[in-house]
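S.K.: Supplied in structure tokens, the structure appears directly below.
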Amino acid sequence: MAYELFIAHRYLRSKRRTRFVSIITYISVGGVLVGVAALVIVLSLFNGFESEVRSRIIGERAHINVLSLFNNPIENYQDLITRIEKIEHVEAAAPYILDKAVFTPLPASRGSDGVVVIGVDPEQEMRVTRIHENVIFGTLDFSDATTPGDTDTSAYPGIVLGRALADEMGIMIGQKVALVNIQGLSFTSVFQPYVKKYRVAGIIETGFYEYDRTFVYLSLEQAQTLFRLREGVRGISVRLDDRDMATEIANTIESALNTPPQVQPENSDVADILTPAYFTINWMQRNKGLFRWMTLEKWGSFAILNLIILVAAFNIVSTLIMVVLEKTKDIGILKSMGATSKSVMKIFIFQGSVVGIFGTILGCLVGYMVCWAQDTFEIIALPPDIYLIDALPVQMHVGDFMSVALGSIVICVLATIYPAWKAAHLIPVEAIRNE
């Protein structure tokens, strides 16, 4: 062991004449501990909420959406699905229709509202999203049926509503509603809107108010009829075995679908041999603003909570300055015996660094124990009818612990430089004479 480290260790363990210095040392360790623990706990909470949001958004929507340029209907979608599912890391693909319509409860005395209509094939859609898991009332049944006990014995196709929309409109299972396609309608046209009646078969809840307030679900065939797409669809949903590869696989899908045919008939028109242009939107692009905001909030909190560690660093500065004043004679003797200014500086840097490292290690341990207890025993519970989760979500990342620990140690080491520099520049004769 270098003698500088040995002396620093003795200074930490020795009984000082002024007990106040020891108290400040313990306060410094405690300040670093609290700051580090607070940081790792808060970052773990942000990770937990972000993971929860990601899983719900991705569970509701596909990892990748394949669309046609200029929003043209995709009529050869079964062939495209076969080609997409042959690509590595693609688990499943399903057609869908997404368009806007006017929603009206029947009788139409409660007004109307604009909604986003999603047409799906239930069997294929369940391979891509978790839509069936989010049905809280009724069933995901789009078939034609009658409502038991209703005077209207006509069979209507099923429709599934978001819970927020159903609550706002006061709609229950079995009630009749209507969707109105007003595309192409203007004040100067004679176009008549297409109106279709449906039976509410189920109510779905995703946990996101924007989705539950605006989304309604139909069968693929009913959506094709409503929006007059004949046999076409608006897009293809794709699910991957690794959602983090969405950007890479999306580029691969675009290249595969937009590759022109190798063999071109001699007498074909140019328009016939050109491959339709397709493009993709992955889940990261679709929710880029939300996740960027969450990341900014997470690291903004990280920067703000570092102020706690900074306060502890000021305590370390105060402690070392008082130690320098207390050990002025010792410093003079050491320098008169041949100790260099660099060696004296090392003694006090080691002493302050030990305080910072010890506080950082304890803080990481305390933060880990708190997060582990919450993750294991769910100590802090949440009302599931409001937050859709039973307890405060926590997710610990090794990278967060390492970044917090590294930042804390760097701050504490930097805090030791000024007191160590002052000690190193004491003049031996003056230090001994003043004592």
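S.K.: Identify, among Ser143, Gln351, Val410, the residue whose Cα sits farthest towards the positive end of the charge dipole of the chain, taking +1 on the Cβ of Lys and Arg and -1 on the Cβ of Asp and Glu, with the dipole about the Cα centre.
M.R.: Of the options given, the answer is Gln351.
S.K.: Specify whether the C-alpha gyration tensor of the stretch 82-192 places it in the rounded, prolate or oblate class, a ≥ b ≥ c being the square roots of the eigenvalues: rounded for a/c under 1.5, otherwise prolate if a/b is larger than b/c and oblate if not.
M.R.: Here the stretch 82-192 falls in the oblate category.
S.K.: Once you sort the root eigenvalues of the Cα gyration tensor of the stretch 118-256 as a ≥ b ≥ c, which label holds: rounded (a/c under 1.5), prolate (a/b larger than b/c) or oblate (the other case)?
M.R.: Here the stretch 118-256 falls in the oblate category.
S.K.: Ignoring ligands, DNA and RNA, please state the percent of accessible area on the chain from carbon and sulfur, probe 1.4 Å.
M.R.: 61 percent
S.K.: So, one more: Would you please put 368-381, 74-87 in order of how densely packed they are, using the mean number of other Cβ atoms within 10 angstrom per residue and starting with the highest?
M.R.: Taking the mean over residues of other Cβ atoms within 10 Å, the ranking is 74-87, 368-381.
S.K.: Who wins for biggest fluctuation among Pro157, Pro122, Pro193 in a Gaussian network model of the chain, springs between alpha carbons below 10 Å?
M.R.: In the Gaussian network model the winner is Pro193.
S.K.: Report the residue, chosen from Val404, Val394, Val195, that carries the largest GNM mean-square fluctuation when the chain is represented by alpha-carbon nodes joined by springs under 10 Å.
M.R.: Val195
S.K.: Between Ile333 and Leu414, what is the FRET efficiency for a Förster distance of 25 Å, r being their Cβ-Cβ separation, to the nearest 0.05?
M.R.: 0.30
S.K.: Rounded to the nearest 20 debye, what is the charge dipole size of the chain about its Cα centre when +1 sits on each Lys and Arg Cβ and -1 on each Asp and Glu Cβ?
M.R.: 3040 debye
S.K.: Between the stretch 327-363 and the stretch 219-253, how far is it from one alpha carbon centroid to the other, in angstrom?
M.R.: 66 Å
S.K.: Hey, another quick one. Return one whole number: the accessible area per residue of the chain in Å², for a 1.4 Å probe.
M.R.: Normalised by residue count, the accessible surface of the chain is 52 Å².
S.K.: From a point 7 Å beyond the Cα of Arg110 in the direction of its Cβ, which residues of the stretch 145-175 have a backbone N at a distance under 15 Å?
M.R.: 160-175, by backbone N distance to the label point.
S.K.: Along the Cα→Cβ direction, 7 angstrom out, place labels at Ser301 and Asp390. What is the inter-label distance in nm?
M.R.: Inter-label distance under the simple model: 2.3 nm.
S.K.: Related question: So in the chain, what percent of DSSP beta bridges are antiparallel if you round to the nearest 5?
M.R.: 80 percent
S.K.: Can you match volume of the Cα convex hull per residue in Å³ to one of these, [x] 143; [y] 248; [z] 176, based on a calculation from the structure here?
M.R.: Given [x] 143; [y] 248; [z] 176, the structure-derived one carries the label [y].
S.K.: Hey, can you rank 226-238, 280-292, 416-428 by average C-beta count inside 10 Å, highest first?
M.R.: Going by the mean number of other Cβ atoms within 10 Å, highest first, we get 226-238, 416-428, 280-292.
S.K.: Moving to a separate point now. Would you list which lysines come within 19 Å of Lys329, measuring only between C-alpha atoms, while excluding same-chain residues fewer than 8 positions from it?
M.R.: Lys15, Lys342, Lys346, Lys422
S.K.: Here is a further query. In the chain, which whole DSSP H runs stretch at least 24 Å along their own axis (Cα) and average -0.5 or higher on the Kyte-Doolittle scale?
M.R.: Helix filter hits for the chain: 19-60, 288-326, 341-377, 398-424.
S.K.: Would you please classify the overall shape of the stretch 68-140 from the alpha carbon gyration tensor, given that a ≥ b ≥ c denote the square roots of the eigenvalues, rounded means a/c under 1.5, and beyond that prolate means a/b larger than b/c while oblate covers the rest?
M.R.: The shape class here is oblate.
The values are calculated or read from the model by the stated rules, or taken from the named source; none is laboratory data. All values derive from a computational prediction rather than experimental measurement. Every residue, glycine as well, gets a Cβ built from its backbone with ideal geometry; the counts of neighbours run over all protein chains shown. Accessible surface is based on the protein model in full, side chains and every heavy atom, while ligands, DNA and RNA are left aside. Shrake-Rupley method; radii C 1.70, N 1.55, O 1.52, S 1.80 Å.
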